[in-house]
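Novice: Okay, handing you the structure first.
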Amino acid sequence: MKNPKFKAISAFLFLFLLVAGCQHKDKEIINTQPNVINENREMNKSSEAPPPSSVDQMTTGVQKDKQSGNIVTQNAQSIDITKRMIIRTGSMGVEVEKYDDAERIVTDVVKKNGGYISNTTSFQNSSGKKQGTLVLKVPADKYDALISEVSAVGKVMSQNINANDITEEFIDLEAREKTQKELEQRLLKLLSEKTARLTDVVEVEQKLASVRQVIESLDGRLRYLKNQSDMSTLTLSLYEPAMLTTSSGGGFFYELGQGVKSGLRGFTDILRGMITLFIALLPIIIIMLIIIWIIRRILKKRKLISNS
């Protein structure tokens, strides 16, 4: 018969080995669990966020910034503004001795500064003096020189200069045009696929026509803004001074002549009114004369009868 102490020691060793084996197995399960969790997370992400369809990719040109949550253009790039785009326009009124001489000087000044005259009008005013308006266009960097030289042509009577900053509008239009052009390329790529259905082709062509119309509109606006910022405009009014300026802008003898003409017109109006009134009353006058003649005849006959 075996010793009881030996049995107790054997049972203790068996339990110790059993517990140690279970702990080792648990550690292996714990070590392998993170990999399984990561794999499950990746599978969930792929199942929860399916890729957008081709139509959504074509018609959508914006995405959300992950950090700020703001909607931004997919292909928008930070643009370094090194030069502001300014549209400068103005008007100036200059009194000159001789209009033709001043116009010739202004034309030479504009050509010297690399510009041109886009429009010109001239006429003689009521006092016989010549005056006119010239629309001058010169490069933006020559605008200040133009104003200075034109001011020396005569006496500046009025001046108004305006500046409009269009930098932000221009950058925004450029970004919108770039997005629309990329959308156009995606639509053209879809049209080149032979597997597309007829209804899809018609829908894409309609969308493509709309996109191209937007691109043309943006391109025209960009060209206009660039031209306006590159070439500044000055509307110049030149006029010769009158010897005696009156409230109407004419000379003394002009006003005197206008007064005589006004008097003659007034006399003519009164005479025309009198003639009109006489003609209107003429039938009544004739009837009254006839009645008076009849009454006189009757009275005359009665007188003759009474005398006889």
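Coordinate-derived values only; no laboratory data. Just so it is clear, the model here is predicted, and its values are computed rather than measured. Because the Cβ atoms are built from the backbone with ideal geometry, glycine has one as well, and the counts that use them run over all protein chains shown.
Novice: With respect to the cross-link table entries 83/111; 112/142; 178/207; 181/207, which display a Cα-Cα separation exceeding 19 Å?
Specialist: Correct reply: 83/111.
Novice: While we're on this one: Enumerate the amide H contacts of residue 93 below 5 Å, restricted to partners 5 or more residues apart or on another chain; note that Pro and chain-start residues carry no placed amide H.
Specialist: Under 5 Å from the amide H of residue 93: 157, 158, 159, 237.
Novice: With the dipole of the range 173-226 worked out from charges on the C-beta (+1 for Lys and Arg, -1 for Asp and Glu) around the Cα centre, which of 179, 211, 224 lies farthest toward the positive end?
Specialist: 224
Novice: Figure the gain on full extension for residue 193 and residue 297 (residue separation times 0.36 nm, minus the Cα-Cα span) and round it to one decimal in nm.
Specialist: 25.7 nm
Novice: Let me ask something else. Of 130/155; 98/137; 137/226, which sit over 21 Å apart, Cα to Cα? Don't skip to the end; give the middle numbers.
Specialist: Values: 130/155 16 Å; 98/137 23 Å; 137/226 14 Å.
98/137, as the Cα separations exceed 21 Å there.
Novice: Can you give the Rg/Rh ratio of the range 131-248, where Rg is from the C-alpha atoms and Rh is the Kirkwood radius?
Specialist: Rg/Rh: 1.32.
Novice: Residues with beta-carbon under 13 Å from that of residue 164, excluding residue 164: net charge, scoring Lys, Arg +1 and Asp, Glu -1?
Specialist: Around residue 164, the surrounding residues sum to -1.
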